[in-house]
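Shown next, in structure tokens, is the structure this report addresses.
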Amino acid sequence: MAAEGGGKEMNEIKSQFSTREGAYKLLTHSEYSRPNRVPFNSQGSNPVRVSFVNVNDQSGNGERICFNVGRELYFYIYKSVRKAADLSKPIDKRIYKGTQPTCHDFNHLTATAESVSLLVGFSAGQVQLIDPIKKETSKLFNEEVSVVGFLWKLGFRHILLLIDKSRVTCVKWVPGSESLFLVAHSSGSMYLYNVEHTCGTTAPHYQLLKQGESYSVHTCKSKSTRNPLLKWTVGEGALNEFSFSPDGKFLACASQDGFLRVFNFDAVELHGTMKSYFGGLLCVCWSPDGKYIVSGGEDDLVTVWCFADCRVIARGHGHKSWVSVVAFDHYTTSVEESEPMEFSGSDEDFQEQMHSGRERANSTQSRLSKRNSTDSRPVSVTYRFGSVGQDTQLCLWDLTEDILFPHLPLSRTRTHTNVMNASGSDGSSSLPAPLPRSNSLPHSAANSKSAVTDNPIAAGVSKFATLSLHDRKERHPDKDHKRNHSMGHISSKSSDKLNLLTKTKTDPAKTLGTQLCPRMEDVPLLEPLICKKIAHERLTVLIFLEDCIVTACQEGFICTWARPGKVSSGSQPFSAPGRTMVQVQVSRAAHHLHIMSPIQTNQMYSIIA
């Protein structure tokens, strides 16, 4: 799997890579960035984030993209693989002073061609509700107030945030709601807001609603309903990211103390817990059917956790530094009915069976329903997910049935001595030394839009591919793995927040070797399908769309990777591996020489109302 020798080829920025379903290619003309296309000096800045929304525009260009770079926030028409990006005409652009955008999220239920609701979180703790189409600012939450009186007589005018003064780490609309949204802060607290309610003019007072190990939930004590509706205090240190399950009923939280905590959101109860191998957890996501959770963080690993069993079922090793984003690919995850068979024929026979398998798999949601019924034939599912990290690498992973159900006989197996050299078009590889592996063979999927329903299996699930084959190789672990970053300090500061956690807390040092944190040799170790260096700076975004994969790095470049067969060779020029390098080097040279294109004059936004 890994290339022998490494060296220069391993450090080359890739513009395409191949998986078993075909070649993914970087579309240079579909790159989004600041209008001057100059790499952003990211030292000390918050991560670049990207949000998408479809406004159902009758012109066929319904996708909209929002991204933040430093103090700037951009809103564009996203043309995907169809047309080149026009950076000279943003729908909206905002430059903030005194604070920086850190995260944002669209309300997909209320979005129209005339109006969208976009929540934006900031480094100073505020949350803003804006409409980038109407260019309006609707409301400001956790707003600043001036403290006067005695301080004013002393000559001070102190600015105080009413609710939480720490950086916003994650903000998301509650699934299925047009008005409720959840905000996480680096203080370790989360707050539930309603856009229809005010935050009041005084600091809120709280009363305990529910309490458990390393978490507590409080309601806002007030004569009239006001924001925040609820305050969650979770773990110790920052709450780095949270993610709702596809049915919106459960909430997975990744914290700097290294714990994944999964809550029943409506019942406000802890469902299960997992501990990282070491260091903090930085990211988390759910499988399309809500059965598995993948997390990543400062241990350089991706960890797969089973929701039903509340246990770690696999870890993935491929990154050389912290994992910043994990995401499932709804469009490449595959499902098939299992039929007892063995395959030992030629490649031509193999291709014929794949073709016939595709014809038999037309309805994924019904097959997933069969998977959960007791009177049907077994259904084989292969999950595809991806990860990006501070090592500037993109990894793709397959989670196959031999990992999910290790004690069940495999329905389809195929032995291949060199199925996937983890290679792109040039055959090179940027993988570490070979590890125990479990991979499958998904194929391109049909269209389907995710929806929030009462069925956790149907919710968020797209139509899947057709046939998946399993390939497993046992190899020795990598003995020379090196990390570029040490484990971050886990803060336990809590003097500035209301903290009624239970005194009995889990000692992280005592979790290793338990179900919370199994030893490395106690769970299967996945090896990525591909692991490619695709940027100069750390990667901060990974989003799977129907026609493409979207990535972004801290320099402020949002890249579109066309899926196999989604764009013809003549419709848009691709970047050769050397071309991307030259373009970036020229841009960087211009940056250091201060030869920059002028940025359009825009209004300077202050977050203070």
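Protection proxy ranking for 209-215, 64-70, using the average of other Cβ atoms within 10 Å per residue and placing the highest first: 64-70, 209-215. Taking θ = phi - 60°, what integer Hz values does the Karplus form 6.51 cos²θ - 1.76 cosθ + 1.60 yield along the range 388-404, in sequence order, with x for Gly and Pro? Using θ = phi - 60°, the values come out as 10, x, 6, 7, 6, 10, 9, 10, 10, 10, 10, 9, 9, 5, 6, 7, 5 Hz.
Here the Karplus relation 6.51 cos²θ - 1.76 cosθ + 1.60, evaluated at θ = phi - 60°, turns the backbone of the range 269-283 into coupling constants of 10, 7, 8, x, 9, 9, 10, 5, 5, 6, x, x, 9, 10, 8 Hz, with x for every Gly and Pro.
Between the amide H of V325 and those of V388, distances stay under 5 Å, these residues lying 5 or more places away or on another chain, with hydrogens modeled in the peptide plane.
Mind giving me the FRET efficiency for I91 and S177? R0 is 30 Å, r the Cβ-Cβ distance, nearest 0.05 is fine. Kindly include the intermediate steps, with their values, before the conclusion.
Working: r = 25 Å, r/R0 = 0.84.
The pair I91/S177 has a calculated efficiency of 0.75.
Ligands, DNA and RNA excluded, the heavy atoms of E63 present near 50 Å² of accessible surface to a 1.4 Å solvent probe. A cut-off of 5 Å between modelled amide H atoms, ignoring neighbours fewer than 5 places along the same chain, links C548 with R563. Peptides 251-258, 30-37, 125-132 ordered by packing proxy, namely the average of other Cβ atoms within 10 Å per residue, highest first: 251-258, 125-132, 30-37.
Close Lys pairs in the range 182-309, defined as Cα atoms under 25 Å apart and 8 or more places apart or on different chains, number 12. Karplus-based coupling profile of the range 81-92, in residue order and whole Hz: 8, 7, 9, 6, 6, 10, 7, 7, 10, x, 5, 8, with θ = phi - 60° in 6.51 cos²θ - 1.76 cosθ + 1.60 and x standing for Gly or Pro.
Which FRET efficiency value, to the nearest 0.05, do you get for S224 and E269 by plugging their Cβ-Cβ distance into 1/(1 + (r/R0)^6) with R0 = 25 Å?
Details: r = 28 Å, r/R0 = 1.11.
That gives a FRET efficiency of 0.35.
Note on T511: accessible area is roughly 10 Å² with a 1.4 Å probe, heavy atoms of protein only.
Between H29 and R311, what length in nm is gained on full extension when 0.36 nm per residue of separation is reduced by their alpha carbon distance?
On the way: separation 282, 0.36 × 282 = 101.52 nm, distance 4.38 nm.
Residue separation times 0.36 nm, minus the Cα-Cα distance, leaves 97.1 nm.
Here each label is just a point 7 Å from Cα along the line to Cβ, and for L208 and T137 those points are 3.9 nm apart. Under 5 Å between amide hydrogens, built in the peptide plane, is the criterion, and for S380 it picks out E336, E337, S338 among residues at least 5 positions away or on other chains. For the residue pairs K25/K134; K97/K165; K165/K320; K25/K93; K135/K165, the alpha carbons lie more than 25 Å apart in K25/K134; K165/K320; K25/K93; K135/K165.
The values are calculated or read from the model by the stated rules, or taken from the named source; none is laboratory data. Small disclaimer: the values here were computed from a predicted structure and weren't measured. When we count neighbours, we look across all protein chains shown, and the Cβ atoms used for this are built from the backbone with ideal geometry, even at glycine. Just the protein is used for accessible areas: all its heavy atoms, side chains included, with ligands, DNA and RNA removed. Shrake-Rupley method; radii C 1.70, N 1.55, O 1.52, S 1.80 Å.
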